Amino acid sequence: MIFLVLPDYTEEDRLLSLARGGSQLAIAEIYELYYVPVYQFMRMRVADRTLAEDMTSEVFVRMINAFNGKNAPSQSLRGWLFKVARYVIHDYYGAKKKMPQTTLEDWLPDPDESQHPEATFFKKIGIDALRQAIQALKPEYQEVIVLRFGQFLSLQETADIMGKTVGAIKVLQLRAIEKLRAQMLPLGGAEA
Amino acid sequence: MKPLNYTEAFNECVERLRQGQTLQDCLNAYPEYASSLKELLQVVIATRDNSNTLLQEAQEARERHRQRILATRPVVISSRSVFRWQSLVAVFALMMFFGGVLLWLNRDEEDVASEQIAPSPRLTPTMTSTATQTNVPSSTPTPTSTVTNTPTPTNTSTSTPTRRPTLTPSPTPTLLPPVDEEDPPINEDDFGEEDDDPPPYEDDGQDDD
């Protein structure tokens, strides 16, 4: 099952040209279409729900300001939005000097639940635990996991957003997923 | 199919998952990496599913913030207004600069004139000519000095009648000339009530004993 939230590129280009022309309706439609993926990006990286909402809202406030100025996105709207989302996170945690990182003990499941033989690996570790495991990675790994596997962006889009080459993203995504997997091994992931 | 290294095989599987293929499809395509790819691709699928579980939460957040965000007035300084603002500042700065330069030149000429008038009689004609030109703005200090001198005697003369009742009782009868004959005689009791210090010549203490 693949549930793609992002709209297709043709629709995105149409909205982008309309919004650049000052259409408030287009901006409202962009908000409707892209709020959810941007929020997902934020929420996968930020543990606090309220903070993730505020950060997502900040992305769209910046977008509205950009459409009325010189920094409006010109090519890839989704790429621009995720790039701004990265900046918002960086601005917030840059001001606090350090991203909060959860420890392994914070997301270890209940031992009784892990005794069920029929439970799959992912059901054992749980949704929140996986999210916290991602948030325990270093920011570069978090970004590539969320963009590539959370939003299923293409290699080129991810490379543009993160400011890297496609080849670098290929290597980075493998290292990130291996690191995430290694963190899950104590939970019984190797048995799956 | 050409053989791929592990990094490329993993990336190909991710692309297949993006296109809707299953995990088993990927493993069948790369049997040499099947065991290790399976572990990693399970994490990939879990991440994707985890992101999808946030859908409800994200939609609720979108509803909550829609009104506020779409009502946001853009805070943008347009290039036109920036240019207008900058031009005003530039004009003001230029006016201040040239005004300051003119003032400085005027003061300098006055000082030079005042210093050089006395020693060289040859310079006096030239200095008088410049003095006539610059007298209009520079003459303001000289009248003020004369004006302040003149009111000082008038102020002192008008202030003396107002101060008469507040003076201490002992010096006033002797110092003041008999200005008006109709003024009532000064009663020492009127002044003695407000003063804490006893009046002179009453503090002998002989009468109390």
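Throughout, read-outs are computed from the coordinates displayed, never taken from laboratory work. All values derive from a computational prediction rather than experimental measurement. All Cβ positions, even for glycine, are placed from backbone atoms using ideal geometry, and neighbour counts span all protein chains on display.
Fully extended, how many nm does the chain gain between B:Gln59 and B:Thr7 (0.36 nm per residue separation, minus their Cα-Cα distance)?
15.2 nm is the gain from fully extending B:Gln59 to B:Thr7.
Working only with C-alpha atoms, what are the Rg and Dmax values of segment A:121-186, expressed in angstrom?
Spelled out, the Cα radius of gyration and Dmax of segment A:121-186 are 12.1, 36 Å.
Given 37 °C and 0.692 mPa s, compute D for segment A:10-65 with the Stokes-Einstein relation, Rh being the Kirkwood radius over Cα pairs; round to the nearest whole µm²/s.
The diffusion coefficient I find is 277 µm²/s.
Which entries of A:Lys83/A:Lys138; A:Lys170/B:Lys38; A:Lys83/A:Lys164; A:Lys70/A:Lys164; A:Lys138/A:Lys179 have Cα-Cα distances beyond 20 Å here?
Result: A:Lys70/A:Lys164 exceed 20 Å.
Measuring from label point to label point, each 7 Å out along Cα→Cβ, what is the A:Ile127 to A:Leu51 span in nm?
Here the modelled spin labels are 2.1 nm apart.
Calculate one ³J(HN,Hα) per residue across segment B:40-53 by plugging θ = phi - 60° into the Karplus curve 6.51 cos²θ - 1.76 cosθ + 1.60, and present them in order as whole Hz with x for glycine and proline.
Karplus-based 3J(HN,Hα) across segment B:40-53 equals 6, 5, 5, 5, 4, 5, 5, 5, 5, 5, 4, 5, 5, 5 Hz.
Quick one: net charge of A:Phe152's neighbours, Cβ under 9 Å, K/R +1, D/E -1?
Here the count lands on +3.
I need the phi-derived Karplus couplings for segment A:64-74: 6.51 cos²θ - 1.76 cosθ + 1.60, θ = phi - 60°, integer Hz, Gly and Pro marked x.
4, 5, 5, 5, 9, x, 8, 9, 5, x, 10
Going by C-beta contacts inside 10 Å, put A:Asp13, B:Asp49 in order with the fewest on the left.
A:Asp13, B:Asp49
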